[in-house]
């Protein structure tokens, strides 16, 4: 509701076709003569983006650790530091990768890539809800989605519709990224993952404790 309210205010200040995609709120204030507000919004945006980036980098390191624990990537990549208790290798790899992407790709392209990746994840989660309810009814569910399967299907279709509104270039970058992930999976993870191993064979795990 907060995002919707902010969007309504912005399109009330500036025509939607003239919104600056790089800094929509700050440019909207600037266009109506409130330059001081634009400066405050810009400072808040820099502080907010910095904190979000740091949180995302920490989260991606933990996600990488979980992926390695499940055998989808080599466990050595997610090695936990003996003193810090963090998966420092995967965190360093992700940080360098993010820095390279930020340095060589325009902000609009990165924003579209983030959007299509998040929307694809939402589609998969929405589709998984009715499937798991039918195939795995015994799973522990701390929360439930109401009106299943109608609401999950509507959610999946809505997210897929938003994906279709993104540019062709974004779709091509997304497909290349998915192809790279597919190569890693079928080249390594398909044979090494925990589900592919027999119950009597211990899956290859990261030997260190879970990261702090």
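Residues 112, 56, ranked from the fewest to the most other C-beta atoms within 10 Å, line up as 56, 112. Working from Cα pairs under 8 Å separated by at least six residues, relative contact order for region 33-183 is 18 percent. Distance between the modelled labels on residue 120 and residue 63, one decimal in nanometres: 1.2 nm (7 Å Cα→Cβ projection).
Calculated mean residue ellipticity at 222 nm for the chain: -21500 deg cm²/dmol, from DSSP H runs with n ≥ 4 weighted as -39500 (n - 2.57), summed, divided by the residue count and rounded to 500. Within the listed set 31, 115, 91, the Gaussian network model of the chain (springs between alpha-carbon atoms below 10 Å) gives the highest mean-square fluctuation for 31. Taking other C-beta atoms within 10 Å as the exposure proxy, 119, 101 rank 101, 119 from fewest upward. Its alpha carbons considered, region 107-191 gives a radius of gyration followed by a Dmax of 15.6, 44 Å.
Against the empirical 2.2 N^0.38 Å (N residues), the chain has a Cα radius of gyration ratio of 1.26. Fully extending the segment from residue 172 to residue 154 would add 3.9 nm, taking 0.36 nm per residue of separation and subtracting the current Cα-Cα distance. Exposure proxy for 190, 161: other Cβ atoms within 10 Å of each Cβ, ordered fewest to most, give 161, 190.
Here the extension length gained between residue 44 and residue 21 equals 6.6 nm, from 0.36 nm per residue of separation less the Cα-Cα distance. Pairs of Cα atoms nearer than 8 Å and 6+ residues apart set the relative contact order; for region 107-191 it is 43 percent. Considering every alpha-carbon pair of region 48-141, the percent of pairs per 10 Å bin, from zero through the bin containing the longest distance, is 14, 32, 33, 19, 3.
Residue separation of residue 138 and residue 34 scaled by 0.36 nm, minus their Cα-Cα distance, works out to 31.7 nm of gained length.
Rounded to the nearest 10 degrees, what's the angle between the helix 2-13 long axis and the longest principal axis of the chain, both from Cα atoms, 0 to 90? So the helix axis and the longest Cα principal axis differ by about 30 degrees.
Coordinate-derived values only; no laboratory data. Because the structure is a prediction, the values reported are computed rather than measured. Virtual Cβ from ideal backbone geometry, glycine too; neighbours counted across all protein chains shown.
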